[in-house]
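The values are calculated or read from the model by the stated rules, or taken from the named source; none is laboratory data. Just so it is clear, the structure is predicted and the values come from calculations on it, not from any experiment. Don't worry about glycine lacking a Cβ; one is built from the backbone with ideal geometry, like all the others, and counts go over all protein chains shown. Ligands, DNA and RNA are excluded from the accessible area calculation, which covers all protein heavy atoms including side chains. Shrake-Rupley method; radii C 1.70, N 1.55, O 1.52, S 1.80 Å.
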Amino acid sequence: MDENCKTVFVLDHTPYFGISSEEPFFLDLRGNSRVPVKKSLWTNAIESSIEYCRIVWDLFPNNKLIRFIISDKAAHIVNTWDPHTQNMNHISNAMIMVGAPRNMQQTSDYTVIHGLRAAIEALAESTEFQKEYIQKHETKRVSNRGRVIVCTSARDNTSMNSLEKIFHQVLVQQNAISVKSEHLLNIDYCHLVIINLYPSNIETFVTSRGCMEISTNLRSEIHSYAAGKLPKLLMSLILKHYNLASTTVTNIPMKEEQNSSSSANYDVEIFHESRTHSVFLGSELPRSIKEGFEYETVTLKWCTPRSGASEMQHCVVQNRITPVDVTSRPSSCLINFLLSGRSVLLEMPRKSGGKITSHLLSAHGGEIFIHSLNTSRTVLEDAPSISEGTGGKIVNYRIPDFVQTTIQQRLVPLKMKYPDDNLGKVRARVAKMTKYWPLTFNSTVVFNIRQYLEPILILTAKEDLTEEEVLACQQCLYQLVGVESRHEMVLNNQRIKGNKKDDQYRLMWNELEVIVGLNGKSAGHKAILQCIRKVRSAQTPETPEKIDVDSGLGGLRKMLDVNETSSSISVLRSSVDSPLSPTPLERHKGLKSRATVSLYDIMMAKEQAVATKRIDFSGRLATPAGQIAVLYPHLLAKEAQGEVKT
């Protein structure tokens, strides 16, 4: 049994509560006469507490019991836990008989403490449900929790604190008495809500305070409000106490009362259990703070009702509803419309635009319910295409690699002295392995050519490497350079504009360096990193480029972004270069001597190397500078003498 099953209202009926709480308002009477009317503190407390009961009993017809106790010179019991006294007529008739507080001098005999004692005694009494449980299980032990809401007025915070202490002392005494009694129950837990009321034209010295645990079986909170704002306070409290939610139905077409030929749109606010909205997981309902209140309301738009709509909708959950302003004309029209057998669909806006039918208002057996409709896909519809997501087609996802990674992270229950240490190591390992893990093949180069890098990707995942493992990784790197120079490796990364091989090879080496750097910091990992930088800077006199692991990871993610253009590649190059890197022109010259050169560059380099070893042409050596050497000069001399025959 929770705290909502038992609630006790303690209303202060001392002479002080008979004073006016606000400025007077005027009632128009016949003959153009106006009569000023003032509400007392007592009137505000009665109206607000009865409205609290109406909402609770509308939404929870059974097992939500509320009692009223009036305190002046003594405690006066208004009703009991008997279900026959749990109704609005009984409470209203009892309040009429009690009447307003008398206008007389207040003495020490008038105190709210009498009502607090009676409230604790009322919580110790068993309800019909508790009696049936005790008889059925033949035990006195039954859950007994409740809430006490006190409407009173105090001078300052010290008086409020003393009121809490007295309540706690009486609670302890009552539990001691209940242990020895056969008919009384022990109070397992009590929630005390103290509301300090004061006229709007008087300053108060009592400050509000949130929930605070007084003891293991008592928590308390204090609210200090002007009497005119008490209805707003209780509306906010009832949502918290009973886990309710607010929905505002907008754009309800209604005919004008004065002119039936015209119509206007109105709004009606209703209360219901919060499950109505909590079933929409992952959907953002249109929430907003209710104007003048402290709680949120979900705004849903009226949809023109259709015949048979309630029978054709797939309902997820349904809950009773009750209007917040039951006396207003829009609320009355909506309730009568639903009780006549019609149903109303409610719409909410979508993130992607448009609207979707999310709720249904309909009456069943004279009671009105709000139905939460299923807005997701049903089993009868086709499964959504994976191409609708970010990664594209299903073949683009690294599903085999994901399965392998998941298998590597399987946990086995072990009996250890300090299990938290082992769990921390596992978390650290998973965080290290997933710090860089591309989801799709289009966002990586290394994992597209895994057949060339298998030893490096597997061995560097270990915490430490042996000399043989380091040697195997280095051998794999040298083989990769040979395959690259022979252009036997196919790089297919669609994310780089134009599929420039220089950019793809550069991205491959950057990605490989980041992966090895993230896998570990041991001496073996450092040796492999040095080998990667060495083979990248082979056949060039410049200083090899070195990038930090974190900055390199950020650069890779920028380069592999879905919306990244070819211009961003140049930005990445400038971001990963160190201040001591060569200029772009020098770097272009150095690239030609690396393994990432074209076949034409390789042939020209070989021709120049051979030419430097060969002895120069003797005719060129004998010809003066600036002149052209003549080939076969003796043939020209014989031709001039006529000895040459054609």
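Residue count for region 266-302 satisfying the condition of being modelled with pLDDT under 85 and either assigned to a strand (DSSP E or B) or of a type in the set (Val, Ile, Thr) (or both): 1.
Evaluated against (1) of a type outside the set (Val, Ile, Thr); (2) under 18 Å from GLU291 (Cα atoms); (3) open to solvent by 10 Å² or more (accessible area, probe 1.4 Å); (4) under 30 Å from the mean Cα position of the chain (by Cα), GLY228 falls short on exactly one condition, (4). Of the residues making up region 21-38, those that are without any contact (Cβ under 8 Å) to a residue 60 or more places away in the chain and either assigned to a helix (DSSP H, G or I) or touching a strand residue (DSSP E or B) at 6+ places or on another chain (Cβ under 7 Å) (or both) are PRO24, PHE25, PHE26, LEU27, ASP28, LEU29, ARG34, VAL35, PRO36, VAL37, LYS38. Looking at ALA245, is it at pLDDT 90 or above and surrounded by fewer than 19 Cβ atoms within 10 Å (Cβ to Cβ)? So ALA245 does not fit the description; no. Is there a residue being open to solvent by less than 40 Å² (accessible area, probe 1.4 Å), without any contact (Cβ under 8 Å) to a residue 12 or more places away in the chain and either touching a strand residue (DSSP E or B) at 6+ places or on another chain (Cβ under 9 Å) or on the phi < 0 side of the Ramachandran plot (or both) anywhere in region 86-109? Looking for residues that are open to solvent by less than 40 Å² (accessible area, probe 1.4 Å), without any contact (Cβ under 8 Å) to a residue 12 or more places away in the chain and either touching a strand residue (DSSP E or B) at 6+ places or on another chain (Cβ under 9 Å) or on the phi < 0 side of the Ramachandran plot (or both), one finds none in region 86-109, hence no.
Annotation note: Cβ proximity below 7 Å between a residue of region 473-495 that is farther than 16 Å from LEU599 by Cα and a residue that is among the charged types (D, E, K, R) and modelled with pLDDT under 80 (sequence gap 6+ or interchain) occurs for LEU491/LYS501; ARG495/GLU564. Using the structure shown, decide if GLU213 is in contact with a strand residue (DSSP E or B) (Cβ under 8 Å, 6 or more places away or on another chain) and among the acidic types (Asp, Glu). So GLU213 passes the test. Of all residues in region 395-422, those that are farther than 22 Å from GLU454 by Cα have Cβ atoms under 8 Å from Cβ atoms of residues that are open to solvent by less than 100 Å² (accessible area, probe 1.4 Å) and modelled with pLDDT of 70 or more, 6 or more apart or on another chain, in LEU411/VAL426; LEU414/ASN422; MET416/ASN422.
When you scan region 116-123, do you find a residue that is over 30 Å from GLY365 (Cβ atoms), open to solvent by 40 Å² or more (accessible area, probe 1.4 Å) and not acidic (Asp, Glu), even just one? Checking region 116-123: at least one residue is over 30 Å from GLY365 (Cβ atoms), open to solvent by 40 Å² or more (accessible area, probe 1.4 Å) and not acidic (Asp, Glu). With respect to the conditions (1) surrounded by fewer than 19 Cβ atoms within 10 Å (Cβ to Cβ); (2) in contact with a Leu (Cβ under 6 Å, 6 or more places away or on another chain), SER215 lacks only one, and its number is (2). Tallying residues that are open to solvent by less than 80 Å² (accessible area, probe 1.4 Å) and in a loop (DSSP other than H, G, I, E, B) within region 203-212 yields 3.
Given ILE194, ILE177, ILE187, which one is touching a Leu at 6+ places or on another chain (Cβ under 6 Å), of a type in the set (A, V, I, L, M) and either within 20 Å of LYS6 (Cβ to Cβ) or open to solvent by less than 60 Å² (accessible area, probe 1.4 Å) (or both)? Step through it out loud before you land on a result.
Working: ILE194 fails: touching a Leu at 6+ places or on another chain (Cβ under 6 Å); ILE177 fails: touching a Leu at 6+ places or on another chain (Cβ under 6 Å).
Selected residue: ILE187, the only one of ILE194, ILE177, ILE187 that is touching a Leu at 6+ places or on another chain (Cβ under 6 Å), of a type in the set (A, V, I, L, M) and either within 20 Å of LYS6 (Cβ to Cβ) or open to solvent by less than 60 Å² (accessible area, probe 1.4 Å) (or both).
For region 182-213, which positions are among the aliphatic types (A, V, I, L, M) and farther than 28 Å from TYR133 by Cβ? Hits for region 182-213 are ILE194, ILE195, LEU197, ILE202, VAL206, MET212. Of the numbered criteria (1) over 30 Å from VAL483 (Cβ atoms); (2) at pLDDT below 75, the one ALA595 fails is (1). Taking residues in region 329-352 that are free of Cβ contacts under 8 Å to residues at least 12 places away in the same chain, and partners anywhere that are open to solvent by less than 80 Å² (accessible area, probe 1.4 Å) and part of a strand (DSSP E or B), the pairs with Cβ atoms closer than 7 Å and at least 6 places apart or on different chains are ARG350/ILE356.
Any residue at all in region 22-34 that is of a type in the set (Phe, Trp, Tyr) and within 30 Å of ILE187 (Cβ to Cβ)? Step through it out loud before you land on a result.
First, the residues of region 22-34 that are of a type in the set (Phe, Trp, Tyr): 25-26.
After this cut, where a residue has to be within 30 Å of ILE187 (Cβ to Cβ) as well, the list is none.
No, the conditions are met nowhere in region 22-34.
Of all residues in region 430-452, those being within 15 Å of VAL403 (Cβ to Cβ), among the aliphatic types (A, V, I, L, M) and in a helix (DSSP H, G or I) number 1.
Table: residues versus (1) within 23 Å of ILE321 (Cβ to Cβ); (2) in contact (Cβ under 8 Å) with a residue 24 or more places away in the chain.
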residue: SER40; (1), (2): no, yes
residue: SER48; (1), (2): yes, yes
residue: CYS53; (1), (2): yes, yes
residue: TRP57; (1), (2): yes, yes
residue: ASN62; (1), (2): yes, no
residue: VAL78; (1), (2): no, no
residue: PRO83; (1), (2): yes, yes
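LEU423 meets the conditions (1) outside any loop (DSSP other than H, G, I, E, B); (2) at pLDDT below 85; (3) among the hydrophobic types (A, V, I, L, M, F, W, C); (4) open to solvent by less than 60 Å² (accessible area, probe 1.4 Å) in every case but one. The failed one is (4). In summary, TRP81 fulfils each of the numbered conditions (1) of a type outside the set (Gly, Ala, Ser); (2) surrounded by fewer than 14 Cβ atoms within 10 Å (Cβ to Cβ); (3) under 27 Å from LEU239 (Cβ atoms) with the single exception of condition (2). When region 440-473 is filtered for residues that are open to solvent by 60 Å² or more (accessible area, probe 1.4 Å), closer than 30 Å to ASP502 by Cβ and in contact with a Ser or Thr (Cβ under 8 Å, 6 or more places away or on another chain), nothing remains. When TYR110 is tested against the conditions (1) at pLDDT 95 or above; (2) touching a Lys or Arg at 6+ places or on another chain (Cβ under 8 Å), the lone failure is (1).
When each of ALA124, ALA100 is tested for being of a type outside the set (S, T, N, Q), within 21 Å of LEU184 (Cα to Cα) and in contact with a helix residue (DSSP H, G or I) (Cβ under 9 Å, 6 or more places away or on another chain), the lone residue that passes is ALA124.
Scan region 504-524 for residues that are more than 22 Å from ASN448 (Cβ to Cβ) and either among the small types (Gly, Ala, Ser) or touching a Lys or Arg at 6+ places or on another chain (Cβ under 9 Å) (or both) and jot them down. Across region 504-524, the qualifying residues are GLY520, SER522, ALA523, GLY524.
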